[in-house]
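Peer 1: For reference, the structure I am asking about is given below.
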Amino acid sequence: MLPGVTSATRPPASGSVLRVEIRSLDGAEPFTTKDGSTIRELLGIPTASVRNQSLAEATLQPGQATERHYHRETEEIYYLVEGAGEMEVDGERARVATGDAILIPPGARHQIRADASGPLRFLCCCAPAYRHEDTHLEETE
């Protein structure tokens, strides 16, 4: 079993995974993604038996922005849990803050920036599950 992961067995429902998987954010090891954000993956391909989606927490330091990028296959939802900033999706910019959910369609170029006044923490939900190979930075295309 991976660190921070617990499981409980139960009779499997038709078409479901064979066990309940629960992963604590405290047990998720942080790493830096291609876009420059610090991620702690809660449930994803390398950390759980997911098939079609992933969930991670991302953090940006005050004033920090992700590299503008896109995903050919992945649809993303960002849900802001702390802080405020600016979100850009395909050239459209908007102010965002705690409690906001942002839809990022596959192929949409996007970037998020934390305000200088504090860090920005948000949940990233990806379907299909996040893969580095599906993250494309603009200057490399």
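Peer 1: Tell me, which strands (runs of 3 or more DSSP E) wholly within region 24-141 include 3 or more residues that are β-branched (Val, Ile, Thr), out of contact with any Asp or Glu (no Cβ under 9 Å at 6 or more places or on another chain) and surrounded by fewer than 12 Cβ atoms within 10 Å (Cβ to Cβ)?
Peer 2: Numbers: elements: 38-43, 54-60, 69-71, 75-82, 84-89, 92-97, 101-104, 110-114, 120-127, 135-137.
Because the criterion is at least 3 residues that are β-branched (Val, Ile, Thr), out of contact with any Asp or Glu (no Cβ under 9 Å at 6 or more places or on another chain) and surrounded by fewer than 12 Cβ atoms within 10 Å (Cβ to Cβ), no strands (runs of 3 or more DSSP E) in region 24-141 meet it.
Peer 1: Same structure again: Ser49 versus (1) modelled with pLDDT of 85 or more; (2) more than 16 Å from Phe122 (Cα to Cα); (3) more than 12 Å from the chain's Cα centre (by Cα); (4) of a type in the set (S, T, N, Q): which is the lone unmet condition?
Peer 2: (1)
Peer 1: Continuing with this model, one more query. If you scan region 33-90, which residues turn out to be basic (Lys, Arg) and closer than 11 Å to Ile112 by Cβ?
Peer 2: Across region 33-90, the qualifying residue is only Arg68.
Peer 1: While we're on this one: Given the residues Leu137, Leu42, which is the only one that is out of contact with any Phe, Trp or Tyr (no Cβ under 7 Å at 6 or more places or on another chain), without any contact (Cβ under 8 Å) to a residue 40 or more places away in the chain and of a type outside the set (Gly, Ala, Ser)? Before the answer, list the steps.
Peer 2: Values: Leu137 fails: without any contact (Cβ under 8 Å) to a residue 40 or more places away in the chain.
One residue alone meets the criteria, Leu42.
Peer 1: Which one of these is in contact with a His (Cβ under 6 Å, 6 or more places away or on another chain) and at pLDDT 95 or above: Val89, Val81? Give the derivation first.
Peer 2: On the way: Val81 fails: in contact with a His (Cβ under 6 Å, 6 or more places away or on another chain).
Exactly one of Val89, Val81 is in contact with a His (Cβ under 6 Å, 6 or more places away or on another chain) and at pLDDT 95 or above, namely Val89.
Peer 1: Continuing with the same structure: What are the residues in region 56-84 that are farther than 26 Å from Ser24 by Cβ and either of a type in the set (Gly, Ala, Ser) or without any contact (Cβ under 8 Å) to a residue 12 or more places away in the chain (or both), if any?
Peer 2: Answer for region 56-84, where residues must be farther than 26 Å from Ser24 by Cβ and either of a type in the set (Gly, Ala, Ser) or without any contact (Cβ under 8 Å) to a residue 12 or more places away in the chain (or both): Gly63, Ala65, Ala84.
The values are calculated or read from the model by the stated rules, or taken from the named source; none is laboratory data. Small disclaimer: the values here were computed from a predicted structure and weren't measured. Positions of Cβ are generated from backbone atoms using ideal geometry, with glycine treated the same way; all protein chains shown enter the neighbour counts.
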